[in-house]
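The values are calculated or read from the model by the stated rules, or taken from the named source; none is laboratory data. None of the values given here were measured: they were computed from a predicted structure. Cβ placement follows ideal geometry from the backbone for every residue including glycine, while neighbour counts extend to all protein chains displayed. We work out accessible area using only protein heavy atoms, side chains counted, and drop any ligands, DNA or RNA first. Shrake-Rupley method; radii C 1.70, N 1.55, O 1.52, S 1.80 Å.
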Amino acid sequence: MADDLFALAKSAMRRAHAPYSRFPVGAALRTTDGRIFSGCNVEIVSFPEGWCAETTAIGHLVMDGGGRIAEIAVVAEKLPLCSPCGGCRQRIAEFASPETKVHLCDIDGGVRETVTMGELLPRAFATDNLS
Ligand code: THU
């Protein structure tokens with residue numbers, strides 16, 4: 001089921017611009033209405049200005065009109081199981097539900113573990129009172 005997302009995340013990872021860390025990451029997500037978007041990490045010589053693979057994929061989602069994330073796969077060439085960073089958990093949560101699946105992948109083995117956003121980001125910050 002998530003094999004296609006793993007394959008797309010792996011392809012995206014090959015496009016990473018990671019000349020400083022040499023740590024390519026890829027992500028691919030499926031929306032609840034079946035659209036798929038992928039992304040890689042993009043590093044900048046002014047280090048804090050770079051961003052993560054998940055963030056690139058979310059940018060593509062928003063540019064296609066937005067939507068809700070049903071599942072997302074993440075893979076890193078140099079890590080057997082790549083779990084999204086804290087900032088990306090909050091970014092994914094913006095377009096997800098606690099049931100959204102997060103597939104932690106291994107470059108050779110595919111999906112190694114599937115967790116939920118509720119597990120990755122319990123008690124996420126959320127409010128209706130920002131306007
Ligand atoms: N990175 C991601 O793309 N996603 C994550 O969830 C964790 C970290 C990237 C950022 C940076 O370009 C490289 O991995 C090393 O931290």
State whether one or more residues within region 118-126 are outside any strand (DSSP E or B), in contact with an Asp or Glu (Cβ under 8 Å, 6 or more places away or on another chain) and open to solvent by 50 Å² or more (accessible area, probe 1.4 Å).
no
Of the numbered conditions (1) within 18 Å of residue 26 (Cα to Cα); (2) part of a loop (DSSP other than H, G, I, E, B); (3) at pLDDT 95 or above, residue 82 fails exactly one; give the number of that condition.
(3)
If you take the residues of region 20-69 that are hydroxyl-bearing (Ser, Thr, Tyr) and touching an Asp or Glu at 6+ places or on another chain (Cβ under 9 Å), which of them is least open to solvent (accessible area, probe 1.4 Å)?
31
Flag if residue 59 is away from the ligand (no atom under 11 Å from the Cβ), assigned to a loop (DSSP other than H, G, I, E, B) and either modelled with pLDDT of 95 or more or under 27 Å from residue 127 (Cα atoms) (or both)
no
So the check is Cβ under 7 Å with 6+ separation or different chains; which pairs have a first residue in region 89-117 that's in contact (Cβ under 8 Å) with a residue 60 or more places away in the chain and a second one that's surrounded by fewer than 19 Cβ atoms within 10 Å (Cβ to Cβ) and of a type in the set (S, T, N, Q)?
101/114; 101/116; 103/114
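Residue-wise test of (1) under 22 Å from residue 97 (Cβ atoms); (2) of a type in the set (Asp, Glu); (3) more than 8 Å from the ligand (Cβ to nearest atom).
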{"position": "8", "(1), (2), (3)": "yes, no, yes"}
{"position": "13", "(1), (2), (3)": "no, no, yes"}
{"position": "16", "(1), (2), (3)": "no, no, no"}
{"position": "30", "(1), (2), (3)": "yes, no, yes"}
{"position": "44", "(1), (2), (3)": "no, no, yes"}
{"position": "52", "(1), (2), (3)": "yes, no, no"}
{"position": "67", "(1), (2), (3)": "yes, no, yes"}
{"position": "71", "(1), (2), (3)": "yes, yes, yes"}
{"position": "76", "(1), (2), (3)": "no, no, no"}
